[in-house]
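I have placed the structure first, in the form of structure tokens, so that the comments after it can refer back to it.
Each value in this text was obtained by applying a stated rule to the coordinates, not by laboratory testing. Every value quoted in this text rests on a predicted model; they were computed, and no experiment measured them. Backbone-built Cβ (ideal geometry, glycine too); neighbour counts: all protein chains shown.
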Amino acid sequence: MLVEETYLKGCYIITPKIYKDERGVFLESFNTQRFLKETGVATTFVQDNISKSLKGVLRGLHFQKGEAAQAKLVQVIKGRVLDICVDIRQESATFGKHFSTYLDDSNKRQLYIPKGFAHGFLALENNTIFSYKCDNYYNKVSESGIIFNDKTLAIDWGFPEEDIIISEKDRDLKTFKKIFY
């Protein structure tokens, strides 16, 4: 596996080694020892989530606050997404900055998102299946999020806003400034 840190400290792109032959494909999707060796991050995932989305579905930008904060390892099982993470660590030099990458079922890349980040993705194909490994359990009381079209963050989703499918809950999220200033 190849591990590359993004410009957001602690956020990593992981590219697995893929073995292909006439039978199909094999890859190791996660190895705790290798991950620790490559990143210095000791983590234990306690909850796995999977979503299935139509093209144009945007989920996010979500995070959990306080003791319920979550680090995530995300990947696409089927389809393609534009994945976004936003540094919301107020003491960080990259506070308010975001990182975007394409994840799909061909490149098999993963994104490790540490605690202190908001996260979201836009499905770019119908029936996209997305997997999240979390190091903390979901906690409804601690959940929060930033509206996807926040002017301060100015995220380019590369998709017509009028065609985005988003839940009412996510449409009602606050702006970055209302949360952090």
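Please report Rg over Rh for the range 1-57, where both radii come from the alpha carbon positions and Rh follows the Kirkwood definition.
1.04
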Original post:
Farthest toward the dipole's positive end in the chain, which of G10, T128, T43, given Cβ charges of +1 (Lys, Arg) and -1 (Asp, Glu) about the Cα centre?
Top reply: T43
Original post:
S92 to T15: extension gain in nm, 0.36 nm per residue of separation minus the Cα-Cα distance?
Top reply: 25.1 nm
Subject >> Two-site FRET efficiency, E67 against V25, from Cβ-Cβ distance with R₀ of 30 Å, rounded to 0.05 >> reply: 0.15
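Would you please classify the overall shape of the range 119-181 from the alpha carbon gyration tensor, given that a ≥ b ≥ c denote the square roots of the eigenvalues, rounded means a/c under 1.5, and beyond that prolate means a/b larger than b/c while oblate covers the rest?
Details: a/c = 1.89, a/b = 1.05, b/c = 1.81.
Here the range 119-181 falls in the oblate category.
If we count every other residue with Cβ under 10 angstrom of N31's Cβ, Lys/Arg +1 and Asp/Glu -1, where does the sum land?
With Lys, Arg at +1 and Asp, Glu at -1, the net is 0.
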**OP:** Would you grab the residues whose amide H sits under 5 Å from the one on R89? Only those 5+ places off in sequence or on another chain, please, with H modelled 1.01 Å from N.
**Re:** G96
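Give me the number: length gained by fully extending Q33 to I164, i.e. 0.36 nm times residue separation minus the C-alpha to C-alpha distance, one decimal in nm. Working shown, then result.
On the way: separation 131, 0.36 × 131 = 47.16 nm, distance 3.91 nm.
Answer, rounded to one decimal: 43.3 nm.
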**OP:** From zero up to wherever the largest Cα-Cα distance of the range 11-105 sits, split into 5 Å bins and tell me the percent of pairs in each.
**Re:** 2, 8, 17, 21, 22, 17, 8, 3, 1, 1, 0
Subject >> 3J(HN,Hα) from dihedral phi, the range 73-79, Karplus parametrisation 6.51/-1.76/1.60, rounded to Hz, x for glycine, proline >> reply: 10, 10, 7, 9, 8, 9, x
Subject >> For the range 2-180, the Rg and Dmax computed from alpha carbons only, in angstrom >> reply: 16.0, 54
Original post:
Any idea what the relative contact order of the chain is, in percent, if you count C-alpha pairs under 8 Å spaced at least 6 apart?
Top reply: 28
Original post:
Of the trypsin sites (Lys or Arg not before Pro) in the range 136-181, which ones lie in a loop per DSSP and count no more than 12 other C-beta atoms within 10 Å?
Top reply: K151
**OP:** Per DSSP H run of at least 4 residues, take -39500 (n - 2.57); add these up for the chain, divide by its residues and hand me the 222 nm value, nearest 500 deg cm²/dmol.
**Re:** -2000 deg cm²/dmol
Subject >> Under Karplus coefficients 6.51, -1.76 and 1.60, residue-wise ³J(HN,Hα) of the range 85-102 in Hz, glycine/proline x >> reply: 10, 10, 6, 10, 7, 4, 8, 7, 5, 10, 3, x, 8, 10, 10, 10, 7, 8
Original post:
Each label point is 7 Å from the Cα along the Cα-to-Cβ direction; what then is the distance between the points at Y102 and T44, in nm?
Top reply: 3.9
